[in-house]
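First up is the structure itself, then whatever we jot down about it.
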């Protein structure tokens, strides 16, 4: 057990010293397994673990969904989404902010990156909001918070990684993410509406657009909506597995982009390379995380924690809250993917032993780590936004984010109190 | 000479991984549409996808390693990237090269073993030995490339791909 604790401390130290996470995990795992068993076992587990991961059909979902996102991102979807959302919501109080939130949810769901969403939408939506008199705080907070929404809306790469680590069904995780993801969007929109009503000066009303304009605004987003509906619908109806859904999604995205003249050979080369580079970076941390989970298992740390927790009488929701507090605190200083890779293998046996559903836990954990993206002191989305909009003080953004953080905490509480929010659609689909 | 060889290898790996990725998407798209619309799936799609995925990852490993695109925690960057901490960057480069070297060495052993026992994939019976050998060579190339770049050239020879205009 003590080797397990030392291993976690060593991984954290090496990572903070800027050793790439995958290499920190591999180094510590090799040394740890060599100490517990012997060097020969450690060296034989290295290629075995890597080939299991790299020769996994289920994991091929990663590059194909990333390719789909990269292709759709290049078709100008962020501006189209914003224009379309504005045609529908612009006339409501806080309408531009609401439209930005919808566009952020859509764009982050497709591109899979909170940072890319914050950076892109700061160029697409921020100037419009400011020119219509929206306050700096609300405009920037909308973008920073909106970027976190897509992580739960399928396809979510982080849920694929969670599924591989905990051997949960990836299709079920995708379906389980739909309602909490959309709930996040609705609650954020409610939050914006409340802010606008309580303080009308921060968010003026726009003009109402007629239905002709609204329908024509959908021209730029129909293909995105079609791919999204096909993936969710196909997974829900069990027409195809997540990997097949990824193949279909990437294939249609490439076809649509090519037919609409938005996919030159140069762009194709760029998106393929970008996809491959991102995928390889993800695979390399996954190699480390899978070997590390073997070390955690051999060290008896997970069993030790289970015994300690049972002896202390901590169980049920109290235990979940304790674990989430650890994730929330770590989230202030670490990337959500890194936290999930290191700590999920440690806590998942505990969660299973307590009779909780691992699919539900995955959704709750992802929400908790994403909250950290907008909380001080490190809130990465805020700093990405700051890089794109250097004139806006960080304190203004964090102040603007406060109502959104409170909304997120409320959503987390709802998810813990009513696990059905995440699980009913899974049950309905027969998962 | 070394630089020319390096650029030749880089171009070769880039084209190979782009082709593998595109083929992987195409056959998966064709498999699902073929199965649902024409009741005619592609036989051995799992094997093909797995092998193509392994090729993509191990074609990309030397490129991603040298481009410095592995996931890192950059919280202490301001302090750790200062000239006085250059020694730490040397240690990290050596540590990464050792791990990559171990991956290469152990896959070389796996390749020999797979050849000896005629290890093949489940559906198409594709031999695993050559694939493991490719993975070993890629890991060893990554280690050598990293050391060459860090200690001899002292500048990044590969820049991360352009993220393009997402607007």
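The values are calculated or read from the model by the stated rules, or taken from the named source; none is laboratory data. Model, not experiment: these values are computed from the prediction. Virtual Cβ from ideal backbone geometry, glycine too; neighbours counted across all protein chains shown.
If we scan the range B:112-121, do we find a residue that is part of a loop (DSSP other than H, G, I, E, B) and touching a residue at least 24 places away in the same chain (Cβ under 8 Å)? The answer is yes; a qualifying residue exists. Taken together, A:246, A:253, A:201 contain a single residue that is at the interface with chain B (Cβ under 9 Å from one of its Cβ atoms), touching a residue at least 60 places away in the same chain (Cβ under 8 Å) and either closer than 21 Å to residue A:58 by Cα or assigned to a helix (DSSP H, G or I) (or both), which is A:246. Is it fair to say residue B:23 is surrounded by fewer than 16 Cβ atoms within 10 Å (Cβ to Cβ), modelled with pLDDT of 90 or more and within 30 Å of residue A:253 (Cα to Cα)? Yes: the conditions hold for residue B:23.
Residue A:6 meets each of the listed conditions (1) more than 8 Å from chain B (Cβ to nearest Cβ); (2) crowded, with 18+ Cβ neighbours inside 10 Å apart from (2).
Is at least one residue of the range A:132-153 modelled with pLDDT under 85 and surrounded by fewer than 24 Cβ atoms within 10 Å (Cβ to Cβ)? Yes, the range A:132-153 contains at least one residue that is modelled with pLDDT under 85 and surrounded by fewer than 24 Cβ atoms within 10 Å (Cβ to Cβ). If the condition is being farther than 20 Å from residue B:56 by Cβ and at the interface with chain A (Cβ under 8 Å from one of its Cβ atoms), then the range B:106-138 contributes B:106, B:109. When B:66, B:85 are checked against the criterion of being under 16 Å from residue B:150 (Cα atoms) and within 16 Å of the chain's Cα centre (by Cα), a single residue qualifies: B:66.
Right, residue A:97: within 11 Å of chain B (Cβ to nearest Cβ) and either part of a helix (DSSP H, G or I) or buried (at least 20 other Cβ atoms within 10 Å of the Cβ) (or both) or not?
no
Output yes when any residue across the range A:203-212 is closer than 25 Å to residue A:344 by Cα, touching a helix residue (DSSP H, G or I) at 6+ places or on another chain (Cβ under 6 Å) and surrounded by fewer than 24 Cβ atoms within 10 Å (Cβ to Cβ), and no when none is. So far as the range A:203-212 goes, no, none of its residues is closer than 25 Å to residue A:344 by Cα, touching a helix residue (DSSP H, G or I) at 6+ places or on another chain (Cβ under 6 Å) and surrounded by fewer than 24 Cβ atoms within 10 Å (Cβ to Cβ).
Checked against the criteria, residue B:96 does not count as touching a helix residue (DSSP H, G or I) at 6+ places or on another chain (Cβ under 9 Å), outside any helix (DSSP H, G or I) and in contact (Cβ under 8 Å) with a residue 40 or more places away in the chain.
Do the conditions hold for residue A:275, that is, is it over 24 Å from the mean Cα position of the chain (by Cα), modelled with pLDDT of 90 or more and within 14 Å of another protein chain (Cβ to nearest Cβ)? Judged against the criteria, residue A:275 is not a match.
Can you confirm whether residue A:291 is more than 10 Å from chain B (Cβ to nearest Cβ), over 19 Å from the mean Cα position of the chain (by Cα) and surrounded by fewer than 24 Cβ atoms within 10 Å (Cβ to Cβ)? The answer is no for residue A:291.
The residue of the range B:139-162 that is farthest from residue B:3 (Cα to Cα), among those that are within 11 Å of chain A (Cβ to nearest Cβ) and surrounded by fewer than 16 Cβ atoms within 10 Å (Cβ to Cβ), is B:162.
Scanning the range A:395-411 for residues that are over 18 Å from the mean Cα position of the chain (by Cα), within 14 Å of residue A:372 (Cα to Cα) and surrounded by fewer than 19 Cβ atoms within 10 Å (Cβ to Cβ) yields A:402, A:406. Taken over the range A:351-367, residues that are under 19 Å from residue A:304 (Cβ atoms) and crowded, with 20+ Cβ neighbours inside 10 Å amount to 1. With respect to the conditions (1) in a helix (DSSP H, G or I); (2) modelled with pLDDT of 90 or more, residue A:110 falls short on a single one, namely (2).
Does residue A:74 meet the test of being touching a helix residue (DSSP H, G or I) at 6+ places or on another chain (Cβ under 9 Å) and crowded, with 21+ Cβ neighbours inside 10 Å? Yes: the conditions hold for residue A:74. When the range A:219-243 is filtered for residues that are within 12 Å of chain B (Cβ to nearest Cβ), buried (at least 17 other Cβ atoms within 10 Å of the Cβ) and not in a helix (DSSP H, G or I), the ones remaining, listed by number, are A:240, A:241.
What residue, among those in the range A:256-269 that are in contact (Cβ under 8 Å) with a residue 60 or more places away in the chain and either within 8 Å of chain B (Cβ to nearest Cβ) or part of a helix (DSSP H, G or I) (or both), is farthest from residue A:72 (Cα to Cα)?
A:267
Within the range A:86-93, one or more residues are more than 19 Å from residue A:212 (Cα to Cα) and not in a helix (DSSP H, G or I).
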